[in-house]
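What follows draws every value from the coordinates through simple rules; no lab data is involved. Note that the structure is predicted; figures quoted are calculated from it, not measured. Backbone-built Cβ (ideal geometry, glycine too); neighbour counts: all protein chains shown.
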Amino acid sequence: MAKEVKVLGKWPSPFVMRARIALHLKSVDYEFIEESMQPKSELLLKSNPVHKKIPVLLHHEKPICESLIIVQYVDEAFSTGSSILPSNPYDRAIQRFWAAYLDDKWFPAFQGVSRAPNEEAKAKGLEQVREGLSLLEDAFDKCSNGKPFFGGDKIGYLDIAFGSYLGWVRVSEKMNNIELISKDKTPKLHAWAERFSANDAVKDYMPETEKLMGFAKMLMAKYQAAAST
Amino acid sequence: MGKVKVFGFWASPYSRRVEIALQMKGVEYEYVEEDLQNKSELLLEYNPIHKQVPVLVHDGKAIAESLVILEYIDEVWKCCHILPTDPYERAHARFWANFIEDKLMHHRIKHAFVSKGEESEKAAKEIEELFELLEDEIKGKKLFGGNDIGFVDITATIVALWIPLIQEAVGKTILTREKYPLLCNWADELLQCNVIKHNLPDNDKLVAFLRHILCQTYE
């Protein structure tokens, strides 16, 4: 019997990871369809005609796109498992604010580092990334209120939004021989990152750093080839 | 329910969204007009990350980013829904609001309407794609929210009012009635709604302002 929930995705994508963590937290069974993206499947193009991107969640064949929108949908449509967003409207707003900051400002700056045309641009990019992490260290303090996650006792919306980037953060740290989330500069985030990655709802979807690094190298080579033509 | 303050700027489509939402819900608030060339200490304290309007302060607690604020307002004051109640419809509304927001970022508007060359063509094409998709999305509906103003309508006031006035200010059109008749009908419909029309800046003043800020960088 076909499963009522399907996820179109690809293993290296942090955005796909978000959808999978959310479904795990809500104890929702689903079929994962690995998309090669080359070419994009008919199902993907039909389900996400606007962006043609993964992840796409299909619930009774109805598509939901954009990872954070998917996470909120999963939280609202399924009453099983644990809540992803907090119940208090102000706390919800704060988590939404930081998730938007991560996607609109921090991650583009992070991506900019690997695409930097020279060392000076790279250093500037890294400075922006580190400033952002310092802000997120403070945000963790305020949101967690002494508890293990941004969401409190359990993984929540902002944990998912930020934690899904950790695989790529580790790749960047290894490839550039630097520390981004460090024990001395961002101790709380450092500890949180370990807890998040080891969590039952996360560990099966967090890509191994070596494997992801191989994928990153292939992507960079493609990007450089395209940029030089 | 606690004291509500809005830090805004008269010409900003983003702070107008917040005021529209509060007025739809019948919430009383104190409005603080910010001079964006000389931002107040309070604004910088309430929104240290982005240092921008709008900021909503409710019972001393500050929230920034207009779409985040809209969701907050919808969750705190329960009368007349801004977002639909059905989870799938909510996801749909959030998708379109975020899409509009992404496509109509400040730099893209400037490139599309004011700059020249390849960059301008690329930006204009992206905005055309947005209008084409919105033209399709509004088919069969009076408003994006159905019969009533919803999350997408409030977000899209930037399309209904600011885009036509930007076009008047710089003398370049992308949104035309011939190309996008349904979208233009929607804009007419939206701008007639009381809560919208009483919450928009004076057209002439806004055109002059837009002409000034859009053209100055390219002199």
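Tabulated data
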quantity: Every residue from the range B:176-199 that is in contact with a helix residue (DSSP H, G or I) (Cβ under 6 Å, 6 or more places away or on another chain) and not in a helix (DSSP H, G or I); calculated: B:177, B:180, B:199
quantity: Selected residue [surrounded by fewer than 16 Cβ atoms within 10 Å (Cβ to Cβ) and polar (S, T, N, Q)] from A:164, A:182, A:172, A:144; calculated: A:182
quantity: Residue A:42 being closer than 19 Å to residue A:20 by Cα and either touching a strand residue (DSSP E or B) at 6+ places or on another chain (Cβ under 9 Å) or free of Cβ contacts under 8 Å to residues at least 40 places away in the same chain (or both); calculated: no
quantity: Residue satisfying all of: in the range B:49-76; surrounded by fewer than 19 Cβ atoms within 10 Å (Cβ to Cβ) and assigned to a loop (DSSP other than H, G, I, E, B); farthest from the other protein chains (Cβ to nearest Cβ) among these; calculated: B:51
quantity: Test: residue in the range A:60-75 that is among the basic types (Lys, Arg), within 14 Å of chain B (Cβ to nearest Cβ) and under 18 Å from the mean Cα position of the chain (by Cα); calculated: no
quantity: Subset of the range B:77-91 [surrounded by 23 or more Cβ atoms within 10 Å (Cβ to Cβ) and more than 7 Å from chain A (Cβ to nearest Cβ)]; calculated: B:82
quantity: Positions within the range A:43-59 being of a type in the set (A, V, I, L, M), within 11 Å of chain B (Cβ to nearest Cβ) and within 19 Å of the chain's Cα centre (by Cα), in sequence order; calculated: A:57
quantity: Sole residue being of a type in the set (D, E, K, R), within 13 Å of chain A (Cβ to nearest Cβ) and touching a Lys or Arg at 6+ places or on another chain (Cβ under 8 Å), chosen from B:126, B:137; calculated: B:126
quantity: Filtered residue count, the range A:139-148, keeping only those that are within 17 Å of residue A:90 (Cα to Cα) and touching a Lys or Arg at 6+ places or on another chain (Cβ under 9 Å); calculated: 3
quantity: Yes/no for residue B:103 being among the basic types (Lys, Arg) and either surrounded by fewer than 18 Cβ atoms within 10 Å (Cβ to Cβ) or more than 14 Å from chain A (Cβ to nearest Cβ) (or both); calculated: no
quantity: Candidates B:149, B:166, filtered to the one that is buried (at least 21 other Cβ atoms within 10 Å of the Cβ) and assigned to a loop (DSSP other than H, G, I, E, B); calculated: B:149
quantity: Condition met for residue A:101 (among the aromatic types (Phe, Trp, Tyr), touching a Pro at 6+ places or on another chain (Cβ under 7 Å) and within 14 Å of chain B (Cβ to nearest Cβ)); calculated: no
quantity: Members of the range B:200-213 that are in a helix (DSSP H, G or I) and crowded, with 18+ Cβ neighbours inside 10 Å; calculated: B:206, B:207, B:210
quantity: Within the range A:1-58, tally of residues that are of a type in the set (Gly, Ala, Ser), part of a helix (DSSP H, G or I) and surrounded by 22 or more Cβ atoms within 10 Å (Cβ to Cβ); calculated: 2
quantity: Hey, residue A:146 more than 13 Å from every other protein chain (Cβ to nearest Cβ) and touching a residue at least 60 places away in the same chain (Cβ under 8 Å) or not; calculated: no
quantity: Positions within the range B:106-125 being buried (at least 16 other Cβ atoms within 10 Å of the Cβ) and part of a helix (DSSP H, G or I), in sequence order; calculated: B:108, B:109, B:110, B:111, B:112, B:113, B:120, B:123, B:124
quantity: Residue check, residue B:31 aromatic (Phe, Trp, Tyr) and more than 13 Å from every other protein chain (Cβ to nearest Cβ); calculated: yes
quantity: Only one of A:107, A:196 that is surrounded by 18 or more Cβ atoms within 10 Å (Cβ to Cβ) and either without any contact (Cβ under 8 Å) to a residue 40 or more places away in the chain or under 26 Å from residue B:55 (Cα atoms) (or both); calculated: A:107
quantity: Total residues in the range A:164-205, condition in a helix (DSSP H, G or I) and more than 22 Å from residue A:21 (Cβ to Cβ); calculated: 4
quantity: Residue in the range B:51-60 that is among the aliphatic types (A, V, I, L, M), farther than 15 Å from residue B:199 by Cα and in contact with a Ser or Thr (Cβ under 6 Å, 6 or more places away or on another chain) present; calculated: yes
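Residue-wise test of (1) surrounded by 14 or more Cβ atoms within 10 Å (Cβ to Cβ); (2) among the polar types (S, T, N, Q); (3) more than 14 Å from chain B (Cβ to nearest Cβ); (4) in a loop (DSSP other than H, G, I, E, B).
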position	(1), (2), (3), (4)
A:86	yes, no, no, yes
A:91	yes, no, no, no
A:96	yes, no, no, no
A:116	yes, no, yes, yes
A:122	yes, no, yes, no
A:125	yes, no, yes, no
A:128	yes, yes, no, no
A:133	yes, no, no, no
